[in-house]
Amino acid sequence: MCFGRFTRCVGYKLLILALLSIVANVLLYFPNGETRFASENRLGKYVECLHGILGGGILVLIPAIVFIVLQKDGCYGYENCGKGCVVLSTVVASLIGLLGSGYCIIISALGLSYGPYCYTRLGRNWIYPFTESSGGYLLDYNRWAECQEPRNIVQWNITLFSILLVLGAIEFILCFIQIINGVLSGLYGACCRHEETYGC
């Protein structure tokens, strides 16, 4: 049985997901394509956590590259002694991916729950108007109009934080599956070596 092809496939999927996470996080910095809110430091605290760039992006790119590079011919392509090292590398890389995607999930969920930082028509000030609602504002569309600036910031944040949450969850699942794949591959390789040694 060959586990390398599956690992390479996971690597390509993680590569795409990581790049999408980076793009989504960058867009969070520029509501409606405007740069002035970032330059005036008027972004929410969870926007500045780099959860999509660092967590769901760079830390997930590490396992993606490892999975793609190490599986040269789709079935490891290494001698038995080297295969153990490759399997261990994929498991360690998967753990890094789990950390990154987990961080992306947590910050995205907090960002959705906390709500955007905006200029409100009621307080005439820059505040977090939805912190008390514990995420209840997500379905209370009438309250979204409280945020005057940036325009449509509630929809902008909800859309991008939701995308990052979903991307992070998929990355987490793929990395977890790859850990299982790596462990099974290691056990299978050990069984093969054992059979070869005793001529079974």
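Quick note: the coordinates plus some simple rules give every number you see, no bench work behind them. Small disclaimer: the values here were computed from a predicted structure and weren't measured. Every residue, glycine as well, gets a Cβ built from its backbone with ideal geometry; the counts of neighbours run over all protein chains shown.
Could you calculate the contour length gain from residue 65 to residue 23, that is, 0.36 nm times the residue separation minus the distance between their Cα atoms, to one decimal place in nm?
13.3 nm
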Simple spin-label model, 7 Å along Cα-to-Cβ: residue 184 to residue 121 in nm? 5.6
The exposure ranking of 146, 48, fewest beta-carbon neighbours within 10 Å first, is 48, 146
Ordering of 126-139, 149-162 by packing [mean C-beta count within 10 Å, highest first]: 149-162, 126-139
Report the calculated FRET efficiency for residue 169 and residue 42 (r = Cβ-Cβ distance, R0 = 30 Å), to the nearest 0.05. 0.55
